[in-house]
Amino acid sequence: MRHLPVVRPDFEALFLSSPNPYLVLTPEFRIAAVNDAYCRATLTERGQIVGRGLFDVFPGNPNDPDASGVDNLRLSLERVLQFRVPDSMGIQKYDIPVPEGDFEERYWSPLNASPCRRGRSQMDHSPGGGCDGTG
């Protein structure tokens with residue numbers, strides 16, 4: 001039986017073209033990468049958010065005194081870094097800023113994945129994603 005050569009997948013192309021929204025964060029919660037679905041879901045442009053702090057791009061809604069999305073997400077990401085295991089948050093209300101300068105109410109179901117390692121001890125990037133459940 002003849003074996004065909006195994007072609008290494010283009011993981012960047014797979015990431016960028018996934019229909020599910022994904023982002024990659026540094027250990028300092030800076031946005032390292034986002035895919036097209038993430039940009040569509042968050043009404044953002046890749047060039048405007050990559051390299052910036054996650055909570056600078058997506059601050060809490062100042063018009064909602066009960067907003068807890070920022071605090072809940074930060075705690076989840078800190079758990080991921082501390083315990084190096086994925087953290088599923090369940091449905092979260094996390095309004096996003098819109099180009100007109102206001103906020104749009106959104107509900108998300110985030111899954112924050114465990115960090116990737118480079119070498120034996122250096123923590124590198126954490127992938128994450130979430131489904132927009134606003135409906």
Response to the item:
Of the candidates Arg84, Arg40, Arg120, the one satisfying the condition of being surrounded by fewer than 13 Cβ atoms within 10 Å (Cβ to Cβ), modelled with pLDDT under 90 and either among the acidic types (Asp, Glu) or under 25 Å from Ser18 (Cα atoms) (or both) is Arg84
Worksheet item: Any residue at all in segment 13-28 that is modelled with pLDDT of 95 or more and among the β-branched types (Val, Ile, Thr)?
Response: no
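Examine segment 62-69 for a residue that is within 14 Å of the chain's Cα centre (by Cα) and either farther than 12 Å from Leu23 by Cβ or of a type in the set (Ser, Thr, Tyr) (or both), and state whether such a residue exists. Even if it seems obvious, please write down each step before you answer.
Of all residues in segment 62-69, those within 14 Å of the chain's Cα centre (by Cα) come to 69.
In the following step, the residues that additionally are either farther than 12 Å from Leu23 by Cβ or of a type in the set (Ser, Thr, Tyr) (or both) were identified as 69.
Looking through segment 62-69, at least one residue is within 14 Å of the chain's Cα centre (by Cα) and either farther than 12 Å from Leu23 by Cβ or of a type in the set (Ser, Thr, Tyr) (or both).
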Fill in: Checking Lys93 against (1) more than 14 Å from the chain's Cα centre (by Cα); (2) at pLDDT below 90, the condition it does not meet
(2)
Item to complete: Confirm whether Leu23 is open to solvent by less than 30 Å² (accessible area, probe 1.4 Å), assigned to a helix (DSSP H, G or I) and within 17 Å of Ser114 (Cα to Cα).
Response: no
Worksheet item: How many residues are within 17 Å of the chain's Cα centre (by Cα) and assigned to a loop (DSSP other than H, G, I, E, B) when one looks only at segment 5-20?
Response: 3
Worksheet item: Any idea how many residues of segment 45-74 are open to solvent by less than 30 Å² (accessible area, probe 1.4 Å) and either touching an Asp or Glu at 6+ places or on another chain (Cβ under 8 Å) or outside any helix (DSSP H, G or I) (or both)?
Response: 4
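The values are calculated or read from the model by the stated rules, or taken from the named source; none is laboratory data. Here the structure is a predicted model, which means the values were calculated and not measured. In this analysis, Cβ positions are derived from the backbone assuming ideal geometry, glycine residues included, and neighbour counts consider all displayed protein chains. What goes into the accessible areas is simple: the full protein's heavy atoms, side chains included, and nothing from ligands, DNA or RNA. Shrake-Rupley method; radii C 1.70, N 1.55, O 1.52, S 1.80 Å.
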